[in-house]
Amino acid sequence: MLSAPLLEATDLCKRFPLRRSALDWALGRPAPALRAVDGVSLTVHRGETLGVVGESGCGKSTLARCLVRLHEPDTGAIRLDGQDALALTGAAWRAYNRRVQMVFQDPYGSLNPRLRIGDALTEALTVHRVVERAAVLGRVRALLDLVHLPQDAAGRYPHEFSGGQRQRVGIARALAVEPALIVADEPVSALDVSVQAQIVNLLLELQERLGLALLFITHDLRLLRHIAHRTAVMYLGRIVETGPTEALFATPRHPYTRALIEAVPQIVPGARHRGATVQGELPSAIRPPAGCPFHPRCPIAEPLCATVPPTLVPRRVEGSLTWPTACHLAGPPG
Ligand SMILES: Nc1ncnc2c1ncn2[C@@H]1O[C@H](COP(=O)(O)OP(=O)(O)O)[C@@H](O)[C@H]1O
Ligand code: SF4
Ligand SMILES: [Mg+2]
């Protein structure tokens, strides 16, 4: 895509400090830290969906929280329309918060149980002064329409709704402030399978109608393939491969991406699959493996992999340049 990105994150790192053990203390070692996000760079363009996929614990939610500034990243930069988001304070920070909204996996946890839905939406509209007071009621009605909830939903409490309806409320609340980007963190994985498609279709419909950009986090490759224009594959706090979704699924370059795809039956017609998850366990993010973080699980690892970390750069494959892949064996850097 040639246009300037809407959101650009560069080299984001987020570590969670852990308690110093007695041994650390005796040896004079600093307190260890868990590297939840370890140097992530990504872009999201207007109107597009970037899918972020990876095993549980690989740092997806922490990344999402950094992007909406629920976590302050330790290092790195976030730019929205070219403006440094991490330097914003006061009104400019609230404006960022309005333009980048999050939809959570469990909308119940993010909705105040004592607030009627109409009041929750009104609160979002007034905190951010989205519309004049006289227009609030009309806007609440329009939001309920937008997410296909009946008008009487405004007078009901969160517990009166089913999981799918609650997620519609969560989406309405995010939309209330007219965001340009929605960061959706596994927005359907807590829902019944029969309801998942409805919510996904709603998000796609809203994206089309409102020109929204979506950063869609999931561990479900089938879903990702259905909705994401581009895909970023995360492993142990890093992006290991990122490219156009269809091409990436057809010819994955990173062994981890290949393993993820092979673990899902029939995701690619004719592809062989093991019918299992990726072999081996996700290593600890407290002491990640040296070299390539995937090397202890990688079926094609070479000695070099245990010492030299591969960089996420475009690779030359059969004479042409492909998307960024952090693997020594994916082809020479372009
Ligand atoms: N607030 C926190 N404090 C300490 N560790 C955390 C916190 N949040 C997440 N983690 C750890 O960071 C890593 C990444 O977690 P998370 O971002 O939730 O991954 P994912 O969403 O991909 O499952 C995990 O090892 C998790 O235990
Ligand atoms: S760099 Fe080496 S260990 Fe890492 S994914 Fe590539 S081949 Fe496997
Ligand atoms: Mg998560």
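The values are calculated or read from the model by the stated rules, or taken from the named source; none is laboratory data. Owing to the predicted nature of the structure, the values given are computational and were not obtained by experimental measurement. Positions of Cβ are backbone-derived with ideal geometry, glycine not excepted, and every protein chain shown enters the neighbour counts. All accessible areas refer to the heavy atoms of the entire protein, side chains included, with ligands and DNA or RNA removed. Shrake-Rupley method; radii C 1.70, N 1.55, O 1.52, S 1.80 Å.
Give me the distance in nm between label points sitting 7 Å out from Cα along the Cα-to-Cβ direction at Val130 and Cys13, one decimal.
Result for the modelled spin labels: 3.7 nm.
What number comes out for the charge environment of Ala9, summing +1 per Lys or Arg and -1 per Asp or Glu over other residues with Cβ under 12 Å away?
On the way: positive: Lys14, Arg69, Arg79; negative: Glu8, Asp11, Asp84.
Charge balance in the 12 Å sphere: 0.
Taking the range 171-244 as the region of interest, what is the percent of Cα-Cα pairs per 5 angstrom bin, listed from the shortest bin to the one with the maximum distance?
Calculated P(r), rounded to whole percents: 3, 13, 26, 25, 17, 12, 3, 0.
How much of the pair distance distribution for the range 168-323 lies past 25 Å, counting alpha-carbon pairs only, in percent? Kindly include the intermediate steps, with their values, before the conclusion.
On the way: 4922 of 12090 pairs.
Every Cα pair in the range 168-323 considered, those over 25 Å come to 41 percent.
Stick to Cα atoms and the Kirkwood definition of Rh, then tell me Rg/Rh for the range 37-103.
Values: Rg = 12.2 Å, Rh = 13.0 Å.
Using Cα coordinates only, the ratio equals 0.94.
After finding the eigenvalues of the alpha carbon gyration tensor for the range 90-183, what semi-axes result from the square roots of 5 times each, listed largest first in whole Å? Write out the running numbers ahead of the final one.
Numbers: eigenvalues 81, 49, 26 Å².
Square roots of five times the eigenvalues give 20, 16, 11 Å.
Using just the helices of the chain, give the 222 nm mean residue ellipticity in deg cm²/dmol: DSSP H runs with n ≥ 4 each add -39,500 (n - 2.57), and the total is spread over all residues, rounded to 500.
Values: 11 runs with 103 residues, N = 334.
After summing the helix terms and dividing by the residues of the chain, the value is -9000 deg cm²/dmol.
What do you get for Rg/Rh over the range 21-76 if you use C-alpha atoms and the Kirkwood form of Rh? Mind showing how you got there, number by number?
Values: Rg = 15.8 Å, Rh = 13.9 Å.
For the range 21-76, the value is 1.14.
Just add up the charged neighbours of Leu70: K/R +1, D/E -1, any other residue whose Cβ is under 13 Å from the Cβ of Leu70.
+1
Can you give the extra length, in nm with one decimal, that the chain gains between Gln198 and Ser320 once fully stretched, where that is 0.36 nm per residue apart less the Cα-Cα distance?
Values: separation 122, 0.36 × 122 = 43.92 nm, distance 3.97 nm.
My answer for the length gained is 39.9 nm.
The range 80-167: which trypsin sites (Lys or Arg not before Pro) are DSSP loop and have at most 11 other beta-carbon atoms within 10 angstrom? Before the final figure, lay out the partial values.
Details: sites: Arg94, Arg98, Arg99, Arg114, Arg116, Arg129, Arg133, Arg139, Arg141, Arg156, Arg166; in loops: Arg114, Arg116, Arg129, Arg156.
Qualifying residues, ordered by number: Arg114, Arg129.
What part of the accessible area of the chain, given as a whole %, is carbon or sulfur when the probe is 1.4 angstrom? Let's see the in-between values first.
Working: 8600 of 16030 Å².
Using a 1.4 Å probe with all protein chains present, the chain comes out at 54 percent carbon and sulfur.
How much accessible area per residue does the range 167-275 have, in Å², with a 1.4 Å probe? Each step should come with its number before you reach the end.
Working: 3980 Å² over 109 residues.
On a per-residue basis, 37 Å².
State the extension gain, in nm to one decimal, for the chain segment bounded by Arg29 and Leu86, taking 0.36 nm per residue of separation less the distance between their alpha-carbons.
Working: separation 57, 0.36 × 57 = 20.52 nm, distance 3.07 nm.
Answer, rounded to one decimal: 17.5 nm.
In debye, nearest 20: dipole of the chain around its Cα centre with unit charges on the Cβ of K, R (+) and D, E (-)?
On the way: 37 positive and 30 negative charges, 91 e Å.
About 440 debye.
Cα extents of the chain along the three principal axes, largest first, in whole Å?
Extents along the principal axes: 68, 56, 38 Å.
With a sphere of radius 9 Å drawn around the Cβ of Val264, what net charge do the other residues whose Cβ falls strictly inside it have (Lys, Arg +1; Asp, Glu -1)? Working shown, then result.
Values: positive: Arg222; negative: Asp220, Glu262.
Every neighbour counted, the sum reads -1.
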